[in-house]
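Structure record follows, encoded as structure tokens.
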């Protein structure tokens, strides 16, 4: 077991520590699927993994900016995280033990792009003019804060376009593709454009396995749960009384959380 995927941790590192302790040997690498919520630098809070020699890779989710720029810096600032900075997967394709893994963090935010309609903005350099026209009540500090938040956490068309020209075996996202009823088909299309046969996502706090008519596989990973590349549960995390999502058109979904 060389690579595992861990769903939204939401500061519940005790669950990760317990999961690791249940294994006969730790994995070589772990991909964190966002919503980590770093109240301290990731190098500090990820000690349960790092202390076992596990390489930590990560993308961000919609809650990684909850308390503002300081929480974001605890996750994303390389100077605060010399151990985990190289594991940032957003907008990258990284070879992890022979598997090409691509990352796209964040979620669709309607102010930029809902994912279900044409985007309002395609590039971050359009933000200043857009906010000046649509948010004239904001003072300079407000514009700076909103700009940084949207630039950091939204899914942007320019990022999807840039990733689509690369190749990967696995695409990891926080947002779900259309296998989930609240997911977005843009991510299906991105995975196919990249030649990926598997998408792994968090966000919805349920562990599930879906397969499309053309063979694309999707693993949803529950909060603090861990799964491997084949969809096997490595450990069970927090218990959620949530129903298995209704499959989107062209998908068959089965639970792997039993």
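Each reported figure results from applying straightforward, stated rules to the coordinates on display, with no laboratory input. Just so it is clear, the structure is predicted and the values come from calculations on it, not from any experiment. For neighbour counting, all protein chains shown are included, and Cβ atoms are generated from backbone atoms with ideal geometry for every residue, glycine included.
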In nm, to one decimal, how far is the modelled label at residue 164 from the one at residue 2, with both set 7 Å along Cα→Cβ? 3.1
Give the shape of the range 1-125 as rounded, prolate or oblate, defined through the alpha-carbon gyration tensor: a ≥ b ≥ c are the square roots of its eigenvalues, a/c under 1.5 means rounded, and otherwise the shape is prolate if a/b is larger than b/c and oblate if not. prolate
For 223, 77, what ranking results if the residue with the fewest other Cβ atoms within 10 Å of its Cβ goes first? 77, 223
Cα-based convex hull, the chain, per residue volume (Å³, whole number): 125
Extent along principal axes [Cα atoms of the range 106-147; Å; largest to smallest]: 31, 19, 17
Note the per residue figure in Å³ for the convex hull of the C-alpha positions in the range 129-258. 139
Under the rule of -39500 (n - 2.57) per DSSP H run of 4 or more residues, summed and divided by the residues of the chain, what mean residue ellipticity at 222 nm is obtained, to the nearest 500 deg cm²/dmol? -7000 deg cm²/dmol
Listed with the fewest Cβ neighbours within 10 Å leading, 6, 36 appear as 36, 6
How high is the relative contact order of the chain, given as a whole-number percent (alpha carbon pairs under 8 Å, six or more residues apart)? 20
